[in-house]
Amino acid sequence: MFETLEPPKLDPLYATAAAFAADSRPDKLDLGVGVYRDEDGLSPVMRCVRQAEAHLSKTNETKAYLPLAGEPSFLHGMSELLFGGDRPEAVAAVQSVGGTGGIRLALELAQKANPNLTVHLGVPSWPNHQGICDRLKIPVRTYEYLDAQGGDASLENALASLEKASRGDVLIVHGPCHNPTGLDLHNQAVAELLTHAASRGVIPLLDAAYYGLGNALSDDMAALRALIEQLPECFLIMSGSKAFGLYRDRIGVLFIKSRDQQSAELAQSTAEILARVNYSAPAAHGAQVIAKILADETLKADWQAELASMRARMTDLREFIRSAADDHPALRTIWRTKGIFSLLPFGAEVTDVLARDHAIYMPPTGRINLAGLSTSTAERFVSAVKAVLPQPEMIGGVQA
């Protein structure tokens, strides 16, 4: 039977990771997979996570299934973090298998409510946005996320795409720290975009994976809360992978804003049934860790402090690169962005040479995980880019 399968297309990001692993050079750099790394190149377990896990190891008395909606204390903690108090009655909440599972669940729910929906997506975007839609056979209408000069996020392009939208369509909008560009629409522009979407009956899906990593956590929560409050209907997915460093624990939450409490209850029960037939029941560990952190004022304060230090490290790296780059045009994007990622203006013809000649690995799209650098390796990265692209006019290609 399996001989009938067509070979799948290899994920470029994991192909880059495999090439990095196979390289025996001791000075190799991994700037690919989007995990936060410290100055030593490690993706550390956060202090608050270690303490929460130690507490749970002593106090957990059962491994029985969680409710379909998820760990109640986790849902309560994430609701308080986002809303500053209890979750509004018109908002449903379901624990998800990472942020990815939350997006999948949201799109399945939207498709069940409107089998004829189209998803509107600015590109470049996180590849799984398109991939999940393809798997669900949901048509996708794309538009250019950046303006014609490729320098800024474009509100005009997004608004133009909505002119072709139908009532019941979904618009995917990145939360803070856009992946892969690192360039966000300003809060006022996002509010304008979502207001226009709502006026056309289009449901925004907010994918918030990187809260607290580009802006102060309180600012990100206030911005997301304001957006939800202004909308009659929307989805918001928050991941626990980045801000809590719980990548492998696959923990996230899907919030569903409805027009009224009755609609929210219907969305809640339907989402739970969709989750049931997908993975039966949610996982407990990551949810309980986050719940403990958010319920304990000492752990919560330490989490916020460590998150701030992670954000500050990336800000410092950007300033270091700016001073070393001598305004090289291939690197200018880096100090205009925030969060983990920047999208550099070159493709596989450059990234291949960086890997081959300099042991620097990044996806062929030019997306760089800035956190993969340190103060001791950033200068080498800058020098390598200058060596491969010594002249401004050579961006997009390498010297013959």
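Can you tell me which residue in the range 65-82 is nearest to SER239 (Cα to Cα), limited to those that are open to solvent by less than 30 Å² (accessible area, probe 1.4 Å) and part of a helix (DSSP H, G or I)?
MET78
Under the condition of being modelled with pLDDT under 95 and in contact with a helix residue (DSSP H, G or I) (Cβ under 6 Å, 6 or more places away or on another chain), which residue from the range 1-34 is least open to solvent (accessible area, probe 1.4 Å)?
GLY32
Quick one: in the range 36-56, of everything that is among the aliphatic types (A, V, I, L, M) and at pLDDT 95 or above, which residue is farthest from THR315 (Cα to Cα)?
If we take residues in the range 36-56 being among the aliphatic types (A, V, I, L, M) and at pLDDT 95 or above, then LEU56 is farthest from THR315 (Cα to Cα).
Taking ALA283 and the conditions (1) open to solvent by 10 Å² or more (accessible area, probe 1.4 Å); (2) within 30 Å of ARG367 (Cα to Cα), which numbered condition does it fall short on, given that it satisfies the others?
(2) is the only condition that ALA283 fails.
Please count how many residues of the range 230-275 are part of a helix (DSSP H, G or I), touching a residue at least 60 places away in the same chain (Cβ under 8 Å), under 30 Å from GLY339 (Cα atoms) and open to solvent by 50 Å² or more (accessible area, probe 1.4 Å).
Here the count works out to 0.
May I ask you to list pairs of residues, at least six apart or on different chains, whose Cβ atoms are under 7 Å apart, with the first in the range 212-224 being of a type in the set (D, E, K, R) and the second being in a loop (DSSP other than H, G, I, E, B)?
ASP220/PRO176; ASP220/TYR211; ASP220/GLY212
Regarding ASP86, is this residue of a type outside the set (Phe, Trp, Tyr) and modelled with pLDDT under 95?
Taking the combined requirement at face value, the residue satisfies it.
Among the numbered conditions (1) in a loop (DSSP other than H, G, I, E, B); (2) buried (at least 20 other Cβ atoms within 10 Å of the Cβ), tell me where ASP220 comes up short.
It is condition (1) that ASP220 fails.
Spot the failing condition for ASN187; the list is (1) at pLDDT 95 or above; (2) within 28 Å of THR333 (Cβ to Cβ); (3) open to solvent by 40 Å² or more (accessible area, probe 1.4 Å), and only one is missed.
(1)
One line per residue, one yes/no per condition, for (1) surrounded by fewer than 20 Cβ atoms within 10 Å (Cβ to Cβ); (2) touching a residue at least 60 places away in the same chain (Cβ under 8 Å):
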| site | (1), (2) |
| --- | --- |
| THR298 | yes, no |
| PHE320 | yes, no |
| THR333 | yes, yes |
| LEU344 | no, no |
| ALA378 | no, yes |
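Being free of Cβ contacts under 8 Å to residues at least 24 places away in the same chain and among the β-branched types (Val, Ile, Thr) is the filter; apply it to the range 122-174 and report the residue that is most open to solvent (accessible area, probe 1.4 Å).
THR142
Return the only residue of ARG135, ARG167 being modelled with pLDDT of 95 or more and over 20 Å from the mean Cα position of the chain (by Cα).
Residue meeting the stated conditions: ARG167.
The values are calculated or read from the model by the stated rules, or taken from the named source; none is laboratory data. The structure displayed is predicted, hence computed values, not measured ones. Methodologically, a virtual Cβ is constructed for each residue, glycine included, from the backbone with ideal geometry; neighbour enumeration extends over all protein chains shown. Heads up: the accessible areas ignore ligands, DNA and RNA and are worked out on the full protein's heavy atoms, side chains in. Shrake-Rupley method; radii C 1.70, N 1.55, O 1.52, S 1.80 Å.
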